[in-house]
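The values are calculated or read from the model by the stated rules, or taken from the named source; none is laboratory data. Fair warning: this is a prediction, and the values are worked out from it, not measured in the lab. Because the Cβ atoms are built from the backbone with ideal geometry, glycine has one as well, and the counts that use them run over all protein chains shown. When the accessible area is computed, the model is the full protein with side chains, heavy atoms only, and any ligands, DNA or RNA have been set aside. Shrake-Rupley method; radii C 1.70, N 1.55, O 1.52, S 1.80 Å.
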Amino acid sequence: MIHSENLYSNDCSNISYISEINTLYLEFIGKIDSDEYKEAYGKLLEFIVSKNIDAVIADQTKSQGSTMDSRAWLVVKWLPEVKKQIGDKRILLAGISEAKFGFKKVISQYVEQTFKKMTALPVESFSNIDDAIKWIKASKS
């Protein structure tokens, strides 16, 4: 793992900055409270804009999932705000989930497809952070 600097934490999430690749790393942990979920994504957007980020890695491997309301909010409220604030800037989005099948896999695929449709940003899923970082480095060169 390359060096990262922690920017923000709450009870269910951490946001770190990986300066080497100008990337934010959002990690969800345990049971995710709806307000904390929204707060984490709000902070993420602030950092995307203030640091002029090239990529975001969202890691769900330690999460016990979020509510349907939270995911709906992400698509209906947060995504349009991202588009408004970054304009035509191209940001890579990498999702990390160990789910190979079942409900968690279906949810992560749904969110990934929705992001692709609504933003036209490159979105990929990986089973670990090393592969996500390799993709980001390859995409930037």
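Taking segment 1-38 as the range and being more than 19 Å from residue 134 (Cα to Cα), among the hydroxyl-bearing types (Ser, Thr, Tyr) and crowded, with 17+ Cβ neighbours inside 10 Å as the test, the residues that pass are 8, 13, 37. Screening segment 14-37 for residues that are of a type in the set (S, T, N, Q) and under 26 Å from residue 137 (Cβ atoms) and picking the one that is farthest from the chain's Cα centre (by Cα) gives 19. For segment 39-70, the tally of residues that are touching a helix residue (DSSP H, G or I) at 6+ places or on another chain (Cβ under 6 Å), open to solvent by 30 Å² or more (accessible area, probe 1.4 Å) and modelled with pLDDT of 95 or more stands at 1.
The residue that is least open to solvent (accessible area, probe 1.4 Å), among those in segment 81-128 that are modelled with pLDDT under 85 and of a type in the set (Asp, Glu), is 112.
The C-beta contact set for segment 55-81 (first residue within 13 Å of residue 118 (Cβ to Cβ), second residue surrounded by 13 or more Cβ atoms within 10 Å (Cβ to Cβ) and of a type in the set (Ser, Thr, Tyr), distance under 6 angstrom, 6+ apart or interchain) comprises 75/114; 78/41.
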